[in-house]
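All remarks here apply to the structure that follows.
The values are calculated or read from the model by the stated rules, or taken from the named source; none is laboratory data. Being a predicted model, the structure only gives us computed values, none of them experimental. Counting neighbours? That spans all protein chains shown, and the Cβs are built from the backbone with ideal geometry, glycine included. Surface areas here come from the heavy atoms of the whole protein model, side chains and all, with no ligands, DNA or RNA. Shrake-Rupley method; radii C 1.70, N 1.55, O 1.52, S 1.80 Å.
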Amino acid sequence: MTPTHYALLSAALFTIGLIGVLVRRNIIIVFMSIELMLNAVNINLIAYSAQWQNAIGQVFAVFVIAVAAAEAAVGLGIVLAFYRNKETVNIDEMNLMKW
């Protein structure tokens, strides 16, 4: 496979994730879509890192994975706390911090 194939795969995954974030109202689906977008970025980083024989892209991919894990842990904690209070995971009903 050439880097073009990886770029096309990455673009497709990123587009699916972006559509999931913009269209869906369930916060769990939105989190999964964000993870899909981050993994699309990782595919690009690893593909071009392998193409140019440079490990910097792989280091960035590991950093992105660490940030995604932290984001998921904090986000799911917030969602669980919200669900205990409101018993919903609908984004439209999460307006507690609005003015």
message: Anything in the stretch 1-40 that is among the polar types (S, T, N, Q) and more than 21 Å from GLY77 (Cβ to Cβ)? List them, or say none.
response: THR2, THR4, SER10, THR15, ASN39
- line: Being touching a Pro at 6+ places or on another chain (Cβ under 9 Å), at pLDDT 90 or above, open to solvent by 50 Å² or more (accessible area, probe 1.4 Å) and of a type in the set (A, V, I, L, M) narrows ALA73, ALA50 down to just ALA50
- request: Tally the residues that are of a type outside the set (A, V, I, L, M) and either surrounded by 10 or more Cβ atoms within 10 Å (Cβ to Cβ) or in contact with a Gly (Cβ under 8 Å, 6 or more places away or on another chain) (or both), restricting the search to the stretch 76-98.
  value: 7
Top-ranked residue in the stretch 41-84 [being among the polar types (S, T, N, Q) and farther than 21 Å from PHE31 by Cα; ranked as nearest to the chain's Cα centre (by Cα)]: GLN58
task: Scan the stretch 54-99 for residues that are of a type in the set (Asp, Glu) and either assigned to a strand (DSSP E or B) or in contact with a helix residue (DSSP H, G or I) (Cβ under 9 Å, 6 or more places away or on another chain) (or both) and jot them down.
output: GLU71, GLU93
query: Restricting the search to the stretch 41-53, which residues are of a type outside the set (Phe, Trp, Tyr) and assigned to a helix (DSSP H, G or I)?
result: VAL41, ASN42, ILE43, ASN44, LEU45, ILE46, ALA47, SER49, ALA50, GLN51
task: Provide a single number: the residues in the stretch 7-38 that are modelled with pLDDT of 95 or more, in contact with a helix residue (DSSP H, G or I) (Cβ under 7 Å, 6 or more places away or on another chain) and open to solvent by 60 Å² or more (accessible area, probe 1.4 Å).
output: 4
